[in-house]
Amino acid sequence: MATSLTTSPVTSPNENRANEPAYLAQTRAWNPTVLPDIKSATLQTALPRLLSHPNIAAKRRISLLADQPGPTVERGGDAGVVRARLDSVDRLIALAAGGNGRFCYLNPRRGALIAVVECLRRLACTGAVPFAISSRLNLANPVTTGESYMLSECLNGLADAAQYFGLPELGSGVSFHDQKAVGSGDLTPSVAVVGQIEQEKHFTRQSVRAAGEKLILLGPAPTELGGSQYLGIIHELNTGDAPQCDLLDAQKLHNALRALIRAGAVRGANAISEGGLLCCVAEMLFATEHTFGAALDLATLQGNRLDALLFGESQNRTIIVVTPDRLGSVLAESHLRGVSAAVIGEVTGQPQLTVRGATDEAVSWSLPELRQGWDDSLAGKLKQFQTTA
């Protein structure tokens, strides 16, 4: 195998700690108790703000540019899926790409690892089995020890994940930027993972399909706020530590997802990522042409902080949609595979999203209003940019 960015770790965490930038000690020491927890009134306004932010809002306007002659794009999955004819056989190829500059700013090794694991989680949500990775580092020119630390730690994180999951690398590259100082927060590894959906009937989309379906959280309740979009958009902070990311837990979740999909038990699946649990549910409601709502009851999930539960970006969590008759078997199979599973609500025929059990009183939003903000935000930003350019 040719030398690649993910062949082997560059240094151990202890070897590299002496060279880390000074700001990391401050961000790691941050405690969320300095912020007031979310209440009904602030929750009411927080969700629309998050959904309409360009980091979370719909990217459909951009994705439409990809509809050119060639492989057929199959829309609606948590990862991109194309139908391509290879070796005289029609295949469904899934591709997930991403990177999180906020996490890498706070913990470059873990942030790079999370970039890979999130791509794998999104592939699993479509029913795909991964078979290769590609990466590119976009970092500051490593002329100081702090910049060298960022480079080596990102390489370590990519290597940790690629080796654990046995992913060969299709290609890699590095771009160094002299104008960016360490700590700018927008320099990050970009990762792409490609996989295949082995049978067409296993292709699973994000959307809900009918009123009465149950929404299940696979994985524990989210508990971490560090590096979240909620902190950045609502509180204008990027601090704390990047979320924990246990690779064994990730593997268990991915395997459980694919097993449930192959058994025909999952009607929709969406990985919890930017924006957290509440944004994840909203996106599942937006992903269908029909107008549905959801009634969530999160009383059994309450932890130390409601904002972390609703908007935290703890890793290895996914929401799936199942019919009531498959509920018992899905819960049993998940627990058998070492993955916690909890019913958090159901799909309704009313066009509103309602959350109970999180704050003192129920909070509701109009789905058409939430969707309009999510749909139009990026298009409006692009139009504004074109007007001023």
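The values are calculated or read from the model by the stated rules, or taken from the named source; none is laboratory data. Treat the numbers as computed from the prediction; the structure is a model and nothing was measured. Ideal geometry is used to build each Cβ from the backbone, glycine not excepted, and the neighbour counts take in all protein chains shown.
Brief remarks follow.
- Qualifying position, being of a type in the set (Asp, Glu) and more than 20 Å from the chain's Cα centre (by Cα), among Glu313, Glu346: Glu346
- Members of region 303-346 found to be among the basic types (Lys, Arg) and assigned to a loop (DSSP other than H, G, I, E, B), listed by number: Arg305, Arg317, Arg337
- Given (1) part of a helix (DSSP H, G or I); (2) at pLDDT 95 or above, index of the condition Thr300 fails: (2)
- Listed conditions (1) within 24 Å of the chain's Cα centre (by Cα); (2) modelled with pLDDT of 85 or more are all met by Arg75, apart from (2).
- Answer residue from region 351-370, given it is of a type in the set (S, T, N, Q) and at pLDDT 95 or above and is surrounded by the most Cβ atoms within 10 Å (Cβ to Cβ) among those: Gln352
- Residue within region 25-47 that is under 24 Å from Cys125 (Cα atoms), modelled with pLDDT of 95 or more and either surrounded by 13 or more Cβ atoms within 10 Å (Cβ to Cβ) or not assigned by TED's automatic domain parsing to the domain that holds Arg371 (or both) present: yes
- Against the criterion of being buried (at least 18 other Cβ atoms within 10 Å of the Cβ), at pLDDT below 95, among the polar types (S, T, N, Q) and in the same structural domain as Leu285 (by TED's automatic domain parsing), Thr348 does not qualify.
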